[in-house]
Amino acid sequence: MSRGGGKGPSLKDKLDGNELDLSLCDLNEVPVRELAALPKATILDLSCNNLISLPSDFCSLMHLVKLDLSKNRLQQLPLDFGRLVNLQHLDLLNNRLVTLPVSFAQLKNLKWLDLKDNPLDPVLAKVAGDCLDEKQCKQAAVKVLQHMKAIQSEQDRQRQRKLQAEREMEKKREAEQRAKEAQERELRKREKAEEKERRRREYDAQKAAKQEMEKKTKKETVQTRKPASSSRPPQPPRHKHSWSRSVLRVLLFVLLCVLCTLAACKLTELQRQPLCISVNTLYEDVLAALQNHKTLQNMLQQNSQP
């Protein structure tokens, strides 16, 4: 095994039963791949090396039961260190740790813990206490686990409160959005109703103006016709005028018929007919009477002169 890390054959040579001792190997990094190939190595000693950090895949070594990382230069542990759920014994003596990852609370099988000689946070240092004997180290494991569980619970509560606040904020935004959309719909509805009412008023106004114009035009027409009708002379009833014309036409027709008959009886061969003889006789009698009437008028005129 070299100074930079362990090789497969060398690790197997160092395996003693279920214990693998890699202490004092001047390691700068942990040979995780080679360790994962040795699941029987449940006890791992990495003390007295130059480890500054542990790789994230170190937490895949879930077969570890006892882990010694004392006297290194570790400044922090991986965030998912709690995946080492089978870990019972953990030695972190003389490192540079200030805090522990929250996942540390998941090491439910941890029975022994040493955090001495680390620049721990005062609260964590007070909880861990000393690890000068077996009893104190066991108490340190119990108290630190309780402390980390409390931190985890508080973080979970904070996370839940944050999620709840985010959900409430989201609900509030959704409610505001719904209210805004409802307000916009109501505004559009009101604008539509106002537009409809405006068009209806315009229609009524146009209709009223049209009716008023028709009424005014009709009134002016009546006023224009009235004086003209009053200036005309009274006309006789049309039915009387029509009756007079009809009578005159009948008389003219009768006279024409008489003249035609008289001419036929005087000028044609029909004069020997009985009807024409009567007509001619009547004509001569009428003519003689008219002559006698004219002779009488002349005599009266002569007597009136003296």
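Could you tell me which residue out of Ser47, Gln88, Leu77 lies farthest along the dipole of the stretch 25-93 toward its positive end? Charges go on the beta carbon: Lys and Arg +1, Asp and Glu -1, centred on the Cα centre.
Gln88
Please sort 203-210, 74-81 by packing, taking for each peptide the average over its residues of neighbouring beta carbons within 10 angstrom, highest first.
Peptide ranking by packing, descending: 74-81, 203-210.
What residue among Leu287, Leu35, Leu100 has the largest mean-square fluctuation in a Gaussian network model of the chain, using Cα springs under 10 Å?
Leu287
Out of Leu248, Ser56, Ala289, whose Cα points farthest toward the positive end of the dipole of the chain (charges: +1 Lys, Arg; -1 Asp, Glu; placed on Cβ)?
Most positive-ward Cα: Ala289.
Of the options Val279, Phe104, Ser153, report the single residue whose Cα projects farthest towards the positive end of the charge dipole of the chain (beta-carbon charges: Lys, Arg +1; Asp, Glu -1).
With unit charges placed on the Cβ atoms, the residue in question is Val279.
Find the relative contact order for the chain and round it to a whole percent, using C-alpha pairs within less than 8 Å whose residues are 6+ positions apart.
Result for the chain is 7 percent.
Under a point-charge model restricted to the Cβ atoms of Lys and Arg (+1) and Asp and Glu (-1), what is the dipole moment magnitude of the chain relative to its Cα centre, in debye to the nearest 20?
Its charge dipole is roughly 3220 debye.
Looking at [x] 6, 27, 36, 23, 7, 1; [y] 6, 23, 25, 19, 14, 9, 4, 1, 0; [z] 5, 14, 12, 7, 5, 4, 4, 4, 4, 4, 3, 3, 3, 3, 4, 4, 5, 6, 4, 1, 0, which value of P(r) over Cα pairs in 10 Å bins from 0, in percent comes from a calculation on the structure shown?
The value computed from this structure is option [z].
Which whole-number percentage describes the relative contact order of the stretch 84-166, with Cα contacts under 8 Å and a sequence gap of 6 or more?
Worked out over the stretch 84-166, it gives 29 percent.
Using only Cα atoms and rounding to the nearest 10 degrees, what angle (0 to 90) does helix 274-304 make with the longest principal axis of the chain?
Once rounded, one gets 70 degrees.
Hey, in the GNM for the chain with a 10 angstrom Cα cutoff, which one of Arg188, Arg159, Arg272 fluctuates hardest?
Fluctuation is largest for Arg272.
Write out the cysteines belonging to the chain for which the nearest other cysteine Cβ is not under 4.7 Å, or none if no such cysteine exists.
Those would be Cys25, Cys48, Cys59, Cys257, Cys260, since no other cysteine Cβ in the chain comes under 4.7 Å of theirs.
Once every DSSP H run of n ≥ 4 in the chain is given -39500 (n - 2.57) and the sum is divided by its residues, what mean residue ellipticity at 222 nm do you get, rounded to the nearest 500 deg cm²/dmol?
-21000 deg cm²/dmol
Net charge within 10 Å of Asp68 by Cβ-Cβ distance, Lys/Arg positive one each and Asp/Glu negative one each, not counting Asp68 itself?
Overall, the nearby charge balance is -2.
Any read-out appearing in this document is the output of simple, stated calculations on the displayed coordinates, not a laboratory observation. Being a predicted model, the structure only gives us computed values, none of them experimental. FYI the Cβ positions are ideal-geometry reconstructions off the backbone, even for glycines, and counts take in every protein chain you see.
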